Amino acid sequence: LHGGHLTDVRLTSATPAAALPVPQSLKEGLMLRSGTLLAGAQIDKADDGSLHFVKGDRRDTLALTSVARIIFRELAPETIEKIPTKRAGVLLKAGDFVEGNFKGLKDGRIMLSSVLFGLAKFQPRDNAVALILNDLEPARPRTIVRTHDGSIYMAASITPEKDKLIIEDPVAGQFTINRWDVAQLAAGSGRLESLTTLKPTAIDTPAHDAGEGLFIDSTDLDLPMILKGDAPCEHGVT
């Protein structure tokens, strides 16, 4: 907000600007470390250094260090919660997690080097629902693009071009999608700035009030901020 004049402002709800949206479920596909999910992406081949995938008319190879997860079956929220951090391995259909180093995808099977099981093989979909390779390290996207097939793009930038949208992903580069495939465009955390972090250039106080007139994260009586319904507020402007 630049050069604005606020009167009678009421804060009814707030979401932390840095938080990324948490999906209710994750579609089958390829998730990059940026948080971009390529729903329906098929893995042609993979080894312990790189991965080749097909998404629509795009065929490309990514370094394995750029990939967070390969999802073989749609994951419900309670299943997503079972994915550990700082650990690589296979999430099984029953909910168990087998830790190990990914060695490749060959003959339709995941090869994993595990301390407990040695060189183990897992069948995607039948008993392995997801392969976890790296932790997510989402950037601050300028725009979040959701498409009807369940894909989520954490876009550093988007450029309209006739009936297409060119999306720049910080990990995988450019993706081109049809505009009619877009289900939602949302401002990412990189475009949001909390009012509580902005310093006003001037404060106009009513003539009958000799007080400061503006309080960040507090009230003029230094009392806790409460919204309608007795809900406490962590950040706010009074």
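Okay, here's what the table says:
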item: Qualifying positions in the stretch 37-74 - aliphatic (A, V, I, L, M) and under 14 Å from Gly150 (Cα atoms); result: Leu37, Leu38, Ala39, Ala41, Ile71
item: Members of the stretch 48-87 found to be under 22 Å from Gly104 (Cα atoms) and out of contact with any strand residue (DSSP E or B) (no Cβ under 8 Å at 6 or more places or on another chain), listed by number; result: Thr65, Thr85, Lys86
item: Members of the stretch 91-139 found to be basic (Lys, Arg) and within 30 Å of Asp169 (Cα to Cα), listed by number; result: Lys103, Lys106, Arg109, Arg125
item: Single match in Thr205, Thr219 (criterion: open to solvent by less than 70 Å² (accessible area, probe 1.4 Å), in contact with a Gly (Cβ under 6 Å, 6 or more places away or on another chain), free of Cβ contacts under 8 Å to residues at least 60 places away in the same chain and not in a strand (DSSP E or B)); result: Thr205
item: Residue match in the stretch 46-58 (condition: under 30 Å from Ile203 (Cβ atoms) and modelled with pLDDT under 85); result: no
item: Residues located in the stretch 141-153, provided they are surrounded by 14 or more Cβ atoms within 10 Å (Cβ to Cβ) and in a loop (DSSP other than H, G, I, E, B); result: Pro141, Arg142, Asp149, Gly150, Ser151
item: Number of positions in the stretch 154-182 that are part of a strand (DSSP E or B) and either open to solvent by 80 Å² or more (accessible area, probe 1.4 Å) or not hydrophobic (A, V, I, L, M, F, W, C) (or both); result: 11
item: Neighbours by Cβ (under 8 Å, 6+ apart or cross-chain): first from the stretch 24-53, on the phi > 0 side of the Ramachandran plot; second polar (S, T, N, Q); result: Gly29/Ser151; Gly40/Ser151
item: Sole residue being at pLDDT below 80 and out of contact with any Leu (no Cβ under 6 Å at 6 or more places or on another chain), chosen from Ser189, Ser114, Ser157; result: Ser189
item: Residues of the stretch 89-122 satisfying the condition of being assigned to a loop (DSSP other than H, G, I, E, B) and open to solvent by 30 Å² or more (accessible area, probe 1.4 Å); result: Lys93, Ala94, Asp96, Asp107, Gly108, Val115, Leu116, Phe117
item: Residues being surrounded by fewer than 18 Cβ atoms within 10 Å (Cβ to Cβ) and in contact with a strand residue (DSSP E or B) (Cβ under 9 Å, 6 or more places away or on another chain) - total across the stretch 126-137; result: 5
item: Members of the stretch 55-114 found to be among the hydroxyl-bearing types (Ser, Thr, Tyr) and free of Cβ contacts under 8 Å to residues at least 60 places away in the same chain, listed by number; result: Thr61, Thr79, Thr85, Ser113, Ser114
item: Count - residues of the stretch 47-88 that are part of a loop (DSSP other than H, G, I, E, B) and either open to solvent by 40 Å² or more (accessible area, probe 1.4 Å) or closer than 17 Å to Leu133 by Cα (or both); result: 15
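The values are calculated or read from the model by the stated rules, or taken from the named source; none is laboratory data. Everything numeric here is computed off the predicted structure, so don't read it as measured data. For neighbour counting, all protein chains shown are included, and Cβ atoms are generated from backbone atoms with ideal geometry for every residue, glycine included. What goes into the accessible areas is simple: the full protein's heavy atoms, side chains included, and nothing from ligands, DNA or RNA. Shrake-Rupley method; radii C 1.70, N 1.55, O 1.52, S 1.80 Å.
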